[in-house]
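The values are calculated or read from the model by the stated rules, or taken from the named source; none is laboratory data. Here the structure is a predicted model, which is why all the values come from computation and not from measurement. Quick reminder, even Gly has a Cβ in these numbers, built from the backbone with ideal geometry, and neighbours come from all protein chains shown. Areas reflect the complete protein model, heavy atoms only, side chains present, ligands, DNA and RNA absent. Shrake-Rupley method; radii C 1.70, N 1.55, O 1.52, S 1.80 Å.
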Amino acid sequence: MALINSQLLMVSLDAVEQEISKRVNIFTTIHPKVEFIRLDSGDVALPLIPSVVTAMLDSVREMGTDATFKGRGPVKGYQFLLDAVVKNDFKNRGIKISTDEIFVSEGTKQDVASIGDILCKDNRIGVLDPIFQTYVESNVVGYRAGILEKSRHWSNIVYLTATRENSFVPELPTERPDIIFLSYPNDPTGVALNRKELSKWVAYAIKNKVLILFDATYEAFIADDDVPHSIYEIKDARKVAIEFHSFSKSAGFTGLHCGYTVIPQKVQGYSMYSGKDILFNDLWLRRQTIKNNPPSYIIQKAAAALYTEQGQVEMKQNVDYYMTNASILKSALDTAGLQYSGGVNSPYLWVQSPWGSSWKLFDKFFNDCHILSSPGERFGPSGEGYVRLSAFANQNQVIMASSRIADLVI
Ligand SMILES: *Cc1c(COP(=O)(O)O)cnc(C)c1O
């Protein structure tokens, strides 16, 4: 009989999700006719932009024609997409990244969860807290997290706590992790780091030989000039950081799956056996060749269409739509007198519970406004006391939800 990876059972035993279902079920049994507005989602509401649809239809036709048919594509992605990424996301911003440093992927979640394949189990992990739980859970599956001490708190993980007390920007760790997961603009707090704040982390990583894994999924939502779109805008970050990009949120690719990972040629780890420095770029190529197929030609053509002039205009319209939702929600929270962060460089609002317990605020939104929100515990131990509202929703629903929030008596 085969032994299982029992760590997986630890991840799926999730008290938070069970508690949400329980509360929803109780309420809907008593009030079966009430329709809820879902502001708990990390999924998009708008359909694909026309440029993407056209590119996909054209490439499907190419695939059905003798002269233009494509079989298995290059492991790192098609050159046309690598070129478009480098030119638009890096070169035009004055950042030196070359196409051999880019790996087209099926999105950030997959790459963030798989990067552990090239990292030794004995590495100590540090994570921003609260954070997208894939960072933590993939390390649980990879035997790096230790044991579950209480809800969402693992013994061997260094939590970099972000709460209202530190304006959601954690202190540098006092206990050195080998690897730090950062994600800015952050899901769920909505907070972004400015150049000076991000430079502090890069300097720490260089000084302490720490690898930074930086998730730039929400880069397209940045509005402030002083917030970097890429960690490589910070001098010398290319020595210590791997960066993940996704088209999921900016371009509604959650059903198409495409993104890319940047591994600069300078980032190094070392081999336990030989003690020698090894380039992560070479290692990741090896791993991708063994395990991964990049997204199809059709999907990569769809992604490349985002970088055309028309694609950029249409994508910006979608981002603006969600950010308008965010500002509608912000005004409602202001009227209700609730404290929150986010909604400026990010489509999320992180609302502090006036009663201390996130569940009390969750219930208030749910019972009084018929809005489903995400209790902060979903995002890690420091999420306790907050709920996340998402601007990824239909605008009419957001307007309706906001008028109910504005009427709340706290
Ligand atoms: C939604 C989300 C992702 C998902 O990315 P995919 O490219 O769809 O896998 C990654 N990181 C964060 C922080 C997210 O919120």
- Note on the structure: Nearest-0.05 FRET efficiency for Glu165 and Arg286 at R0 = 60 Å, using Cβ-Cβ distance, is 0.85
- Please work out the FRET efficiency for the pair Tyr270 and Glu19, using the Cβ-Cβ distance as r and a Förster radius of 45 Å; give the result to the nearest 0.05. 0.55
- Item | Size descriptor, Kirkwood hydrodynamic radius, that averages inverse alpha-carbon separations across region 28-94, Å | 16.7
- Task: Determine the sum of side-chain charges near Trp359: Lys and Arg each +1, Asp and Glu each -1, restricted to other residues whose C-beta is under 12 angstrom from that of Trp359.
- Result: +1
- Cα gyration tensor, region 318-410 - rounded (a/c under 1.5), prolate or oblate: oblate
- Message: Over 20 Å between Cα atoms: which of Lys266/Lys301; Lys76/Lys249; Lys109/Lys207; Lys207/Lys239 fall into that group?
- Response: Lys266/Lys301; Lys76/Lys249; Lys109/Lys207
- Task: Express in nm, to one decimal, how much length is gained between Asp66 and Lys91 on full extension, taking 0.36 nm for each residue of separation and deducting their alpha carbon distance.
- Result: 5.4 nm
- On full extension of the chain, what length is gained from Thr99 through Lys316, given 0.36 nm per residue of separation minus the C-alpha to C-alpha distance? 75.7 nm
- Task: Provide the percentage of antiparallel DSSP beta bridges, counting only those with both residues in the chain; round to the nearest 5.
- Result: 55
- Message: What lysines does Lys364 reach when the alpha-carbon gap must be under 16 Å and sequence neighbours fewer than 8 apart in one chain are set aside?
- Response: Lys22
- Backbone N within region 157-185 under 17 Å of label point (7 Å from Asp224 Cα along the Cβ vector): 162-171, 183-185
- Of all accessible surface on the chain at a 1.4 Å probe, what whole percent is carbon and sulfur? 53
- Item | Charge tally in the Cβ shell below 13 Å around Asp117, where Lys, Arg are +1 and Asp, Glu are -1, Asp117 excluded | +4
- Message: With θ taken as phi - 60° and the coefficients 6.51, -1.76 and 1.60, list the Karplus ³J(HN,Hα) couplings across region 258-265 in order, rounded to whole Hz; mark glycine and proline as x.
- Response: 7, x, 7, 10, 10, 10, x, 5
- Take region 53-309, drop everything but the C-alpha atoms, weight them equally and run the Debye formula without solvent; then report log10 I(q)/I(0) at 0.09, 0.12, 0.13, 0.14 Å⁻¹ to two decimals. -0.40, -0.71, -0.84, -0.97
